[in-house]
1. Taking the residues in the stretch 111-127 that are away from the ligand (no atom under 16 Å from the Cβ) and under 13 Å from the mean Cα position of the chain (by Cα) as candidates, determine which candidate is nearest to residue 4 (Cα to Cα).
2. Only residues that are hydrophobic (A, V, I, L, M, F, W, C) and in a helix (DSSP H, G or I): list them for the stretch 127-145, please.
3. Would you check which residues across the stretch 30-56 are open to solvent by 50 Å² or more (accessible area, probe 1.4 Å) and of a type in the set (A, V, I, L, M) and list them?
4. Kindly establish whether residue 118 is touching a Phe, Trp or Tyr at 6+ places or on another chain (Cβ under 6 Å) and among the charged types (D, E, K, R).
5. Name every residue in the stretch 99-122 that is closer than 14 Å to residue 56 by Cβ and either open to solvent by less than 30 Å² (accessible area, probe 1.4 Å) or touching a residue at least 40 places away in the same chain (Cβ under 8 Å) (or both), in order of residue number.
6. May I ask you to list pairs of residues, at least six apart or on different chains, whose Cβ atoms are under 6 Å apart, with the first in the stretch 132-147 being over 12 Å from residue 165 (Cβ atoms) and the second being surrounded by fewer than 24 Cβ atoms within 10 Å (Cβ to Cβ) and hydroxyl-bearing (Ser, Thr, Tyr)?
7. Would you pick out the residues in the stretch 70-82 that are out of contact with any Phe, Trp or Tyr (no Cβ under 7 Å at 6 or more places or on another chain) and crowded, with 17+ Cβ neighbours inside 10 Å?
8. Checking the structure you have, find out if any residue of the stretch 134-152 is farther than 22 Å from residue 31 by Cβ, within 16 Å of the ligand (Cβ to nearest atom) and open to solvent by less than 70 Å² (accessible area, probe 1.4 Å).
Amino acid sequence: MKQGVFIERDGILNQVQVDRQHQVSPLTLEEFRVNEAIAPLLTKLKAAGLVLIATTNQPGLSRGYQSRRELDRMHDLLRGILPLDDILVCPHDETDRCPCRKPKPGLLVEAAFKWLLDLDRSFVISDKWQDAEAARTAGCTSLLLHSAWVGDGHHDFVLQDLDAIVEKILRLRTAGRAVAA
Ligand SMILES: [Zn+2]
């Protein structure tokens with residue numbers, strides 16, 4: 001089974017606006033700014049054999065203010081710039097009580113099934129506690145980027161920048177293989 005890296009979209013793969021301490025997802029291709037600096041880091045992870053999956057809660061789809069067509073255009077752009085294997089979206093609102101809205105682990109479980117990933121040996125990158133919680137429930141190792149949204153729940157690592165996060169994953173991955181051998 002392969003190892004995956006689940007990467008939160010907003011705030012990691014693309015820029016977000018911040019309004020009253022909340023991140024605001026871009027809703028149109030025009031507003032969508034890809035974090036191109038992460039491309040070489042993702043290429044390193046991919047070269048190490050890791051499967052790269054972007055995950056994102058987009059409740060605007062069910063609330064009606066995010067168009068599916070516009071989201072598809074944004075994600076086509078994202079795939080064109082970053083070497084992602086897949087992008088998984090929760091389109092639901094809290095009130096839908098779905099299993100996939102993070103902090104629930106549904107998107108991770110879905111990706112593991114689709115891509116034959118070993119969740120215990122997979123990683124989650126985010127700037128938010130919800131992803132760390134999904135990682136904990138799914139059995140993945142969470143690496144958070146230092147931010148205002150880290151919270152005080154469980155996480156495995158909080159690091160200052162994405163370079164440090166990617167280096168950490170590459171080291172942990174090698175350590176894991178040594179133990180397995
Ligand atoms: Zn959902």
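The values are calculated or read from the model by the stated rules, or taken from the named source; none is laboratory data. These numbers were taken from a predicted model, which means no experiment stands behind them. Counting neighbours? That spans all protein chains shown, and the Cβs are built from the backbone with ideal geometry, glycine included. Each accessible area value is taken on the protein alone, full model and side chains, heavy atoms only, with ligands, DNA and RNA left out. Shrake-Rupley method; radii C 1.70, N 1.55, O 1.52, S 1.80 Å.
1. 122
2. Listed by number, the residues that qualify are 129, 132, 134, 135, 138.
3. So in the stretch 30-56, the residues open to solvent by 50 Å² or more (accessible area, probe 1.4 Å) come out as 30-31, 33, 36-37, 40, 43-44, 46-47.
Result: 37, 47.
4. On the way: touching a Phe, Trp or Tyr at 6+ places or on another chain (Cβ under 6 Å): no; among the charged types (D, E, K, R): yes.
It is false that residue 118 is touching a Phe, Trp or Tyr at 6+ places or on another chain (Cβ under 6 Å) and among the charged types (D, E, K, R).
5. Going through the stretch 99-122, the residues closer than 14 Å to residue 56 by Cβ turn out to be 100-104, 106-108, 110-111.
If the condition is that a residue be closer than 14 Å to residue 56 by Cβ and either open to solvent by less than 30 Å² (accessible area, probe 1.4 Å) or touching a residue at least 40 places away in the same chain (Cβ under 8 Å) (or both), then 100, 101, 102, 106, 107, 108, 111 are the ones that fit.
6. Pairs that qualify, where the first residue is over 12 Å from residue 165 (Cβ atoms) and the partner is surrounded by fewer than 24 Cβ atoms within 10 Å (Cβ to Cβ) and hydroxyl-bearing (Ser, Thr, Tyr), are 132/142; 135/142.
7. First, pick out the residues of the stretch 70-82 that are out of contact with any Phe, Trp or Tyr (no Cβ under 7 Å at 6 or more places or on another chain): 70-73, 75-76, 78-82.
Those that are out of contact with any Phe, Trp or Tyr (no Cβ under 7 Å at 6 or more places or on another chain) and crowded, with 17+ Cβ neighbours inside 10 Å: 70, 71, 75, 78, 82.
8. Residues of the stretch 134-152 that are farther than 22 Å from residue 31 by Cβ, as a first pass: 134-144, 146, 150-152.
Subset that is within 16 Å of the ligand (Cβ to nearest atom): 134, 137-138.
With open to solvent by less than 70 Å² (accessible area, probe 1.4 Å) added as a condition, the list becomes 134, 138.
Within the stretch 134-152, one or more residues are farther than 22 Å from residue 31 by Cβ, within 16 Å of the ligand (Cβ to nearest atom) and open to solvent by less than 70 Å² (accessible area, probe 1.4 Å).
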